[in-house]
Amino acid sequence: MKKLFKGEKVILDGQQVERIGAASLQLIYAFIQEAKVNSVDIASRSPSEALTTSVRLLGMEDALQLDNVA
């Protein structure tokens, strides 16, 4: 992953998310965890209401860092 991003910040842009399921959120969570291990900075940008609602319903606010806005 370090080679893939070469120290750049990764921004997860969720403004156009209309619907998202638990499996997709788990995949995003796994990506974020791998990024942490490899010292890759992650931030979110404009999470949609649908995205934030799904994240809250699953109790994943801290895990998915939606408060870490770019």
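The values are calculated or read from the model by the stated rules, or taken from the named source; none is laboratory data. No experiment lies behind these values; they were computed from the predicted model shown. So basically every Cβ, Gly included, is an ideal-geometry build from the backbone, and we count neighbours across all protein chains shown. Each accessible area value is taken on the protein alone, full model and side chains, heavy atoms only, with ligands, DNA and RNA left out. Shrake-Rupley method; radii C 1.70, N 1.55, O 1.52, S 1.80 Å.
Here are some notes:
- Among the residues of the stretch 18-40, those that are open to solvent by 40 Å² or more (accessible area, probe 1.4 Å) and either modelled with pLDDT of 90 or more or within 11 Å of the chain's Cα centre (by Cα) (or both) comprise E18, R19, A22, A23, S24, Q26, L27, I28, Y29, A30, F31, Q33.
- Close pairs (9 angstrom Cβ cut-off, 6 or more residues apart or separate chains): modelled with pLDDT of 90 or more in the stretch 57-70, among the aromatic types (F, W, Y) anywhere: M60/Y29
- Of the residues making up the stretch 22-43, those that are of a type in the set (S, T, N, Q) and closer than 19 Å to K9 by Cα are Q33, N38, S39.
- Test result for S46, within 15 Å of G14 (Cα to Cα), small (G, A, S) and open to solvent by 30 Å² or more (accessible area, probe 1.4 Å): yes
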